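The values are calculated or read from the model by the stated rules, or taken from the named source; none is laboratory data. Being a predicted model, the structure only gives us computed values, none of them experimental. Neighbour counts run over all protein chains shown; Cβ positions are idealised from the backbone, glycine included. Side chains are part of the model used for accessible areas, which takes the heavy atoms of the whole protein and leaves out ligands, DNA and RNA. Shrake-Rupley method; radii C 1.70, N 1.55, O 1.52, S 1.80 Å.
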Amino acid sequence: MRFKAVKGTRDFYPEQMALRNYIVDSWRRVSLRNGFVEFDGPVLEYLDLLTAKSGEEIASQLFSFVDRGGRQLALRPEITPTLARMVSAKINSLPRPIKWFSVPRLFRAENPQKGRLREFFQWNVDIIGADNDILADAECIFTAVDFLHEVGLTHKDIIVRIGSRPLTVAMLRAAGVSDDKMDSALAALDKRSRVSPEAFIEIATAAGIPAKSLDDVCRFQDSKDLQEIKERLSGIAAAEVELEKIRTLMEYLDDMGLSEYYQLDMHIVRGLAYYTGIVYEIFDRAGSLRAIAGGGRYDNLLKLVGGPEIGATGFGMGDAVLEILLREKGKIPELSPKLDCFVVDAEGNQLKQVIGITTKLRWEGIATDFASKPQPLRKQLTLANRRNAQYALIVQKNNIVGIKNLATGEQKNVEISRFLENPYEYLTSDN
Ligand code: HAM
């Protein structure tokens with residue numbers, strides 16, 4: 001019987017692992033330079049924590065089970081509830097603002113499709129307890145763009161679409177949606193761009209948006225700019241202060257040099273129920289892929305999991321859509337592993353010398369491997385090239401080693417003992 005990888009999961013052969021590491025290393029580097037520190041939590045959490053305020057969509061995608069002690073557990077589909085739990089537990093001893101990042105492995109029982117898997121990695125960047133909430137929102141958006149720019153994507157490739165939960169809630173209230181239906185009405189609006197207009201009408205009315213108000217709600221979502229959003233909300237008192245927040249956010253983003261990277265878009269509502277403020281998703285400009293990242297402000301989540309009332313904001317970016325986009329744009333760098341040296345045995349009977357040289361160089365921190373079986377020299381040199389070695393070290397008779405620069409073809413012969421006294425002297429690129 002032959003086994004395949006479980007549906008929606010991936011095997012990371014060395015080539016794919018190199019790409020994963022490239023992405024994760026870049027996530028880490030950019031997080032650190034933006035002042036975030038790394039955390040992680042367990043892959044398993046109590047089901048109740050994960051369903052506390054995440055919403056129906058994600059709850060329906062959980063890999064959950066009852067353990068032998070009768071506890072209801074699940075594999076984490078996101079790390080935000082874990083973050084809220086961990087920060088709440090130590091809130092008095094953590095210096096603020098809490099600027100944390102993480103790269104968790106996550107699990108969602110989704111229907112696997114382009115960019116959506118059942119097991120994936122997601123970069124999370126969050127700020128909790130900031131003095132200036134809107135600046136913290138802007139800082140998170142900046143960090144996401146900083147990374148995308150780092151891996152070669154510019155405003156020509158990606159766009160941050162920014163919406164507002166409170167403005168959308170204000171619109172829905174004015175449209176006659178009652179508070180007990182608010183979460184499902186928001187979830188319906190979140191789906192609008194992914195379903196047909198007919199399907200949307202069905203979903204929206206079932207979610208409690210009165211049919212007679214649907215046009216108004218859609219026009220609000222379709223607003224082109226801040227002015228139009230304002231007009232659609234005229235007469236709704238609660239909107240003014242939220243519009244001001246959006247204005248301030250835009251100012252900060254402009255100050256950060258991101259003017260060309262963002263756009264207001266009231267279609268952005270987010271699928272998770274815990275968001276309370278500004279929300280955003282990052283897309284490819286062509287709009288052909290699912291969201292690359294999504295996030296926003298979630299000021300009530302810590303309290304909901306037993307913690308303090310404290311402002312929080314952040315985003316998650318998955319590796320799957322990102323990889324597709326990098327590939328489409330030709331932005332995946334050459335990632336094949338490189339060796340400094342590859343030791344070959346010209347005579348076919350010098351294994352002891354080969355082992356001696358290899359070991360000494362490895363101790364010195366020089367990446368070295370060797371031909372593990374006697375073969376004609378030509379074949380061994382081909383192998384050295386294939387392994388991306390900078391030098392072939394050709395062990396010859398009479399304790400001589402030939403140091404061959406594989407890029408230039410130049411070769412210098414020296415006594416092995418002299419070479420090993422100071423290998424760096426011979427392994428400089430002008431050799
Ligand atoms: P989310 O929108 O559910 O938000 O996911 C954020 C990103 O994770 C998506 O834009 C996508 O790149 C990736 N992602 C989501 N589901 C999948 C999947 N099935 N396969 C591959 N990639 C996927 C959250 O998870 C929030 N907890 C983010 C957050 C952090 N909000 C505040 N802080």
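General remarks:
- Residue pairs whose Cβ atoms lie under 6 Å apart, separated by 6 or more positions or on different chains, with the first residue in region 106-123 and more than 17 Å from residue 5 (Cβ to Cβ) and the second part of a loop (DSSP other than H, G, I, E, B) and open to solvent by 40 Å² or more (accessible area, probe 1.4 Å), are 115/290.
Yes or no, residue by residue, for (1) within 16 Å of the ligand (Cβ to nearest atom); (2) modelled with pLDDT of 95 or more; (3) out of contact with any Asp or Glu (no Cβ under 9 Å at 6 or more places or on another chain); (4) not β-branched (Val, Ile, Thr):
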position: 278; (1), (2), (3), (4): yes, yes, no, no
position: 282; (1), (2), (3), (4): yes, yes, yes, no
position: 293; (1), (2), (3), (4): yes, yes, no, yes
position: 296; (1), (2), (3), (4): yes, yes, no, yes
position: 313; (1), (2), (3), (4): yes, yes, no, no
position: 318; (1), (2), (3), (4): yes, yes, yes, yes
position: 321; (1), (2), (3), (4): yes, yes, no, no
position: 330; (1), (2), (3), (4): no, yes, yes, yes
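- Comparison of 311, 306, 316 shows that the only residue that is touching a helix residue (DSSP H, G or I) at 6+ places or on another chain (Cβ under 9 Å) and surrounded by fewer than 19 Cβ atoms within 10 Å (Cβ to Cβ) is 306.
- Check on residue 272, open to solvent by less than 60 Å² (accessible area, probe 1.4 Å), modelled with pLDDT under 95 and either under 18 Å from the mean Cα position of the chain (by Cα) or over 14 Å from residue 87 (Cβ atoms) (or both): yes
- Considering region 111-131, and only residues there that are acidic (Asp, Glu) and open to solvent by 20 Å² or more (accessible area, probe 1.4 Å), the residue that is nearest to the ligand (Cβ to nearest atom) turns out to be 119.
- Cβ pairs under 6 Å, 6+ apart, first in region 235-259 and in the same structural domain as residue 149 (by TED's automatic domain parsing) and within 15 Å of residue 169 (Cα to Cα), second open to solvent by 40 Å² or more (accessible area, probe 1.4 Å) and part of a helix (DSSP H, G or I): 236/174; 243/230
- Residue list for region 132-156, restricted to those being within 15 Å of the ligand (Cβ to nearest atom) and not in a helix (DSSP H, G or I): 151, 153
- Odd one out for residue 337, checked against (1) closer than 29 Å to residue 289 by Cα; (2) open to solvent by 70 Å² or more (accessible area, probe 1.4 Å); (3) more than 16 Å from the ligand (Cβ to nearest atom); (4) not β-branched (Val, Ile, Thr): (1)
- Scanning region 90-110 for residues being within 14 Å of the ligand (Cβ to nearest atom) and among the small types (Gly, Ala, Ser) gives a total of 2.
- For residue 101: the one exception among (1) more than 20 Å from the chain's Cα centre (by Cα); (2) under 24 Å from residue 312 (Cα atoms); (3) in a strand (DSSP E or B): (1)
- Scope region 298-307; condition among the hydrophobic types (A, V, I, L, M, F, W, C) and more than 13 Å from the ligand (Cβ to nearest atom); matching residues: 304, 305
- Residues that are open to solvent by 20 Å² or more (accessible area, probe 1.4 Å) and touching a residue at least 12 places away in the same chain (Cβ under 8 Å) within region 1-14 comprise 6, 7, 9, 10, 14, listed in sequence order.
- Residue within region 247-263 that is within 17 Å of the chain's Cα centre (by Cα) and either aromatic (Phe, Trp, Tyr) or within 15 Å of the ligand (Cβ to nearest atom) (or both) present: no
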